[in-house]
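Shown next, in structure tokens, is the structure this report addresses.
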Ligand code: HEC
């Protein structure tokens, strides 16, 4: 990349000095070549900047459920029970809904004008026997990640006992049939009353 600026500089200097890049070249052709050279240089610089951002700072990283901590849940969900809880009272068990047990819904960030922002995580814990969080369902908003389904990535985790790690029970296709029905509320059923 260091070679780009000296190259551009010499092209410009020669062009200015000679009134054309090569003797006999017309001015319109010279300026077209200069424009092309500048565009290429900008593309090279842009490319370098993007790759530096994503590798060294992670600023442009796409949010993901794929990095998990030792509990088996996504790293992004760490500490979710301390987040804003949407439901004031536990949501009672409903035989019609596959998410069993008594449930609580937490959000990493509030919705804005009826839609959750990029990177928002909605976490629902459901009790299984004595374990208040035996079943954990999550929805992660990834802008342009899943446009047909509100740009949410769905995944559900289960653990057999409180001291065991979670494993994935189901995801995406298994969830759309119901959650598509909540399209008017950004695919989220639970209203904030907490
Ligand atoms: C048969 C319908 C149905 C299916 C299938 C379904 N859900 Fe849900 N989901 C609901 C309902 C209804 C709620 C509202 C809270 C409740 O009653 O559990 C809900 C709530 C949630 C919530 C809390 C946010 C909200 O919408 O209220 C998350 C997160 C969630 N579901 C994730 C999932 C995931 C992940 C899957 C697939 C593995 C899935 N759901 C499959 C019906 C469904």
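The values are calculated or read from the model by the stated rules, or taken from the named source; none is laboratory data. Since the structure is predicted, the reported quantities are computational estimates derived from the model, not experimental observations. Glycine also receives a Cβ, built like all others from the backbone with ideal geometry; neighbour counts cover every protein chain displayed.
I need the full set of residues from the range 86-118 which are within 29 Å of residue 62 (Cα to Cα) and surrounded by fewer than 16 Cβ atoms within 10 Å (Cβ to Cβ), in order please. Selection gives 109, 110, 112, 113, 114, 115, 117, 118. The residues listed here are 94, 69; of these, the one that is more than 19 Å from the chain's Cα centre (by Cα) and free of Cβ contacts under 8 Å to residues at least 60 places away in the same chain is 94. Residues in the range 79-124 that are more than 20 Å from residue 146 (Cα to Cα) and either outside the structural domain of residue 179 (by TED's automatic domain parsing) or in contact with a helix residue (DSSP H, G or I) (Cβ under 6 Å, 6 or more places away or on another chain) (or both): 106 only. The C-beta contact set for the range 167-190 (first residue at positive phi, second residue within 8 Å of the ligand (Cβ to nearest atom), distance under 6 angstrom, 6+ apart or interchain) comprises 172/154; 187/179.
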